[in-house]
Amino acid sequence: MLDRAAISIAQILLRNRTIEERKLNVEDDLVQNLLLGKPYNPDELKMIMPPSNKHLYYRVFICQTYNASSNSNHDAWDEVKVQRSMSIRSLFERYGFYPAVSVKKTEIAVISFFNADKHDKFAANQFTALISECPETLNLHPQNIGVSGNHQDTSRFRRAYKEANEVLHLNKYHDSDIALYENIGIYRLLFQLKDNQLIESYIEDYIGPLLKHDKEMNAELLTTLETYLKFSESKKETAERLFIVRQTLYHRLDKIEELLGNDYLEPTNRLAIETAIKAYHLMEDSSPENLL
């Protein structure tokens, strides 16, 4: 009798687990189709969305991952996937979001729906708090995370995914900890221009002489200028950060002025140069050798 009861319970648990895995796989496939702009079943989308209203918005959350379990067998990975999906869902729901989750071996993607006024800072603050909890709760590092801006139109899932990847790109290559798309500043424009030849001519116009000099002389004028601007033209802090003596810094600054002109620190020129430096790093980070 007890053996039959134990077998029945085991069968029920297995059946429930199978149903849960099937449900997760359907949701996973749907999320991937939405983010990659592939065809999807509208009825499945309705199932993952909360009741629609004029205050319903969403953001796309992505995180690059590496899990040792991803190299194990299929059954072991399925178990990791289920557990991770459940943990992610629980975390997002605790912060008041309605998540649709996709867990792959190298990326987690969440379409996170929420009710809020478009300009309400509450949802943004909730996302920031959620991300700060990721290291402890999900073992995810904030620098591997990117979150899109607010969206309402369900035709913009792919655009939101692109935004989240842009944030992730900045965190990966610039050692930053930006959480939300609206906080990336001038990079919002630079990403739009990244594949346009205009950005290359812009870089050449404003910092081309520095780049040429650094390449020919194996120098570090660009790094020196970038650091000098970062520390509001403080020679003391710049020299300390670069681990050079003041005299070396003065020599470099004289050369920078010679190459860029004696008005390069005028407000308009300074802004243009700072933008060109950011654009240069963005283009450099996106070069084929850095994408391998």
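Placing dummy labels 7 Å off each Cα toward the beta-carbon, the span from ASN25 to ASP205 is 5.5 nm. Give me the Debye-computed log₁₀ of I(q)/I(0) at q = 0.07, 0.08, 0.09 Å⁻¹ for the chain, equal point scatterers on Cα only, no solvent, two decimals. Taken in order of the listed q values, log10 I(q)/I(0) reads -0.39, -0.49, -0.59. When the chain is treated as a Gaussian network with alpha carbon springs shorter than 10 Å, the biggest mean-square fluctuation among TYR58, TYR181, TYR206 belongs to TYR206. With a cut-off of 8 Å between alpha carbons and a minimum separation of six or more residues, what is the relative contact order of the range 135-292 in percent? Over the range 135-292, the number comes to 19 percent.
A simple spin-label model places the labels of THR248 and ASP195 4.2 nm from each other, with each point 7 Å out along Cα-to-Cβ. Within a straight-line Cα-Cα reach of under 21 Å, LYS172 can be paired with the following lysines, leaving aside sequence neighbours fewer than 8 residues apart in one chain: LYS104, LYS105, LYS162, LYS194, LYS230, LYS278. The phi-based Karplus calculation (6.51 cos²θ - 1.76 cosθ + 1.60; θ = phi - 60°) puts the 3J(HN,Hα) values of the range 194-207 at 4, 9, 9, 5, 4, 5, 5, 5, 5, 4, 4, 5, 9, 10 Hz, whole numbers, x for Gly and Pro. Classified by the C-alpha gyration tensor, the range 96-169 has an oblate form. Its axis ratio a/c, with a ≥ b ≥ c, is 1.5 or above, and a/b does not exceed b/c. Note on ALA219/LYS172: beta-carbon distance plugged into 1/(1 + (r/R0)^6) with R0 of 22 Å gives a FRET efficiency of 0.25.
Dipole size of the chain about its Cα centre, with +1 on Lys/Arg Cβ and -1 on Asp/Glu Cβ: approximately 1000 debye, rounded to the nearest 20. In terms of packing, defined here as the mean over residues of other Cβ atoms within 10 angstrom, the peptides 32-39, 207-214, 242-249, 143-150 line up highest first as 143-150, 207-214, 32-39, 242-249.
What you get for the range 192-291, charging only the Cβ of Lys and Arg (+1) and of Asp and Glu (-1), is a dipole of about 360 debye around the Cα centre. Measuring r between the beta carbons of ASP263 and LEU229 and using R0 = 22 Å, the FRET efficiency lands at 0.90.
Since every read-out is calculated from the coordinates, none of them should be taken as a lab result. Quick caveat, the model's predicted, so the values are computed rather than measured. Cβ sites come from the backbone with ideal geometry, for glycine too, and all protein chains shown count toward neighbours.
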